[in-house]
Amino acid sequence: MNSFPTALGLSAEQTEHAIRCAGRAPSLHNRQPWRFRLAEHVIEVHADPQRRLPATDPDDRELRLACGAALLNLRLALQHAGVRPVVDPPSRMGPPTVLAEVRSGGWSAQTPVERALYEAIPRRRTNRRPFQETPVPSGDRHALVSAAQREQGWLHLLPRSELDRFAEMVQRAHRVQMEDERFRAEFERWTGRSRETREGVPAAASGPQPEPQDLWVVRDFSSGTASERVAGKDFEREPLLAVLCSQHDGRADDVLAGQAMQRVLLTACVHGLSASLLSQVVEVPETREELRSLLGGSQHPQAVLRFGYGSPTPETPRREPTDLLLD
Ligand SMILES: Cc1cc2nc3c(=O)[nH]c(=O)nc-3n(C[C@H](O)[C@H](O)[C@H](O)COP(=O)(O)O)c2cc1C
């Protein structure tokens with residue numbers, strides 16, 4: 001018999017499955033910085049301070065993005081089980097780690113769009129490999145933009161004319177990070193790991209080793225173990241790059257942006273698109289501010305996404321649902 005604790009009127013199997021789905025969200029270096037407290041009428045989503053990456057993400061902004069992504073997966077899994085999730089901000093009386101409280105707003109059927117997004121949860125993965133040169137059709141681009149809007153986010157697709165300037169910013173941010181010993185230590189600790197690892201990024205999920213001609217994809221996730229680039233298999237010359245932005249820049253906005261990011265990534269998966277994240281520019285404060293100005297100054301850049309048609313890439317492992325629970 002399944003002894004997993006239950007919540008919101010679900011069975012033990014359903015509750016465990018919903019937490020497993022939440023845990024499939026993307027996170028910086030696959031740190032999985034979330035925890036869940038289950039009670040009869042509420043599921044609390046918590047940040048896990050033990051899983052911070054202080055050199056890369058000193059303000060925990062990306063940590064909250066990841067928790068927002070986990071929250072979106074949780075909402076989709078609850079809808080799949082027939083529960084209409086109602087998400088509240090944390091009550092002022094609770095511990096500071098709570099980011100959201102999810103309650104049941106009654107029973108309701110899942111829409112076809114929600115079902116497709118739910119089904120994409122286990123298929124979605126970060127694809128760090130070169131994509132084909134084939135352009136992404138405008139209907140699919142529109143679907144990505146709408147997905148962000150549905151979650152109060154704004155997805156700015158970078159036009160060709162902005163790509164050169166953006167590439168220069170990526171290179172600059174990358175240099176700043178690589179000169180920082182603490183950043184390098186975090187990166188080396190959590191990437192290029194063995195297949196057995198349940199957290200961190202396994203070398204098998206890396207792209208090819210960076211080469212001098214690469215303009216955008218410059219981080220080596222393989223610890224130097226990736227095979228040499230096959231001739232003609234360079235990264236696409238004109239990638240579809242997009243900046244996900246939030247309207248404001250606070251803790252709750254990061255959680256909202258994480259939900260928007262995850263809806264965009266799952267929508268990409270539903271449309272047969274691969275995606276990866278290129279975070280240097282939004283992690284280095286100077287380039288994040290520069291990007292904000294480049295985009296008009298009114299929105300706050302939260303994540304940089306790259307979309308295209310990629311070859312299969314292996315799944316990155318996760319911790320078990322029981323390891324994600326708070327007493
Ligand atoms: C906020 C955030 C920033 C990320 N930044 C990068 C990045 O700069 N480069 C990269 O290759 N992956 C990046 N990732 C992807 C994670 O490494 C990935 O989600 C994690 O390893 C789990 O793998 P999966 O997405 O395939 O499930 C980022 C993910 C999040 C949520």
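The values are calculated or read from the model by the stated rules, or taken from the named source; none is laboratory data. In this text the structure is predicted, and so the values were computed from the model without any measurement. FYI the Cβ positions are ideal-geometry reconstructions off the backbone, even for glycines, and counts take in every protein chain you see.
Tabulated results
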| quantity | calculated |
| --- | --- |
| Test: residue in the range 28-36 that is assigned to a strand (DSSP E or B), more than 15 Å from the ligand (Cβ to nearest atom), crowded, with 20+ Cβ neighbours inside 10 Å and not charged (D, E, K, R) | yes |
| Those residues of the range 7-27 which are among the hydrophobic types (A, V, I, L, M, F, W, C) and either in contact (Cβ under 8 Å) with a residue 12 or more places away in the chain or within 16 Å of the ligand (Cβ to nearest atom) (or both), in sequence order | A7, L8, L10, A18, I19, C21, A22, A25 |
| Total residues in the range 86-137, condition among the basic types (K, R) and without any contact (Cβ under 8 Å) to a residue 60 or more places away in the chain | 2 |
| Selection count where residues are farther than 18 Å from A226 by Cα and either of a type in the set (S, T, N, Q) or assigned to a loop (DSSP other than H, G, I, E, B) (or both), scope the range 181-198 | 1 |
| Residue in the range 229-239 that is among the basic types (K, R), surrounded by 14 or more Cβ atoms within 10 Å (Cβ to Cβ) and in contact (Cβ under 8 Å) with a residue 12 or more places away in the chain present | yes |
| Hits in the range 184-199 - residues which are of a type in the set (A, V, I, L, M, F, W, C) and surrounded by 18 or more Cβ atoms within 10 Å (Cβ to Cβ) | F187, W190 |
| Complete set of residues in the range 123-142 that are outside any loop (DSSP other than H, G, I, E, B) and more than 16 Å from the ligand (Cβ to nearest atom) | S138, G139, D140, R141, H142 |
| Matching residues in the range 200-216 - criterion: being within 19 Å of the chain's Cα centre (by Cα) and more than 9 Å from the ligand (Cβ to nearest atom) | A203, A204, W216 |
| Any chance E40 is away from the ligand (no atom under 13 Å from the Cβ) and part of a loop (DSSP other than H, G, I, E, B) | yes |
| Which numbered condition P95 misses (of (1) at pLDDT 95 or above; (2) more than 15 Å from the ligand (Cβ to nearest atom); (3) closer than 21 Å to A22 by Cβ; (4) not aromatic (F, W, Y)) | (1) |
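Listed here are the residues, each with its yes/no results for (1) out of contact with any Ser or Thr (no Cβ under 8 Å at 6 or more places or on another chain); (2) crowded, with 16+ Cβ neighbours inside 10 Å.
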| position | (1), (2) |
| --- | --- |
| P95 | yes, no |
| A100 | yes, yes |
| W107 | yes, no |
| E114 | yes, no |
| I121 | yes, yes |
| R124 | yes, yes |
| N127 | no, yes |
| T134 | yes, no |
| R141 | yes, yes |
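So that you can scan it fast, the table gives a plain yes or no per residue for (1) aromatic (F, W, Y); (2) within 19 Å of the chain's Cα centre (by Cα); (3) at pLDDT 95 or above:
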| site | (1), (2), (3) |
| --- | --- |
| H80 | no, no, yes |
| R84 | no, no, yes |
| V87 | no, no, yes |
| S91 | no, no, no |
| A109 | no, no, no |
| P122 | no, yes, yes |
| R129 | no, yes, no |
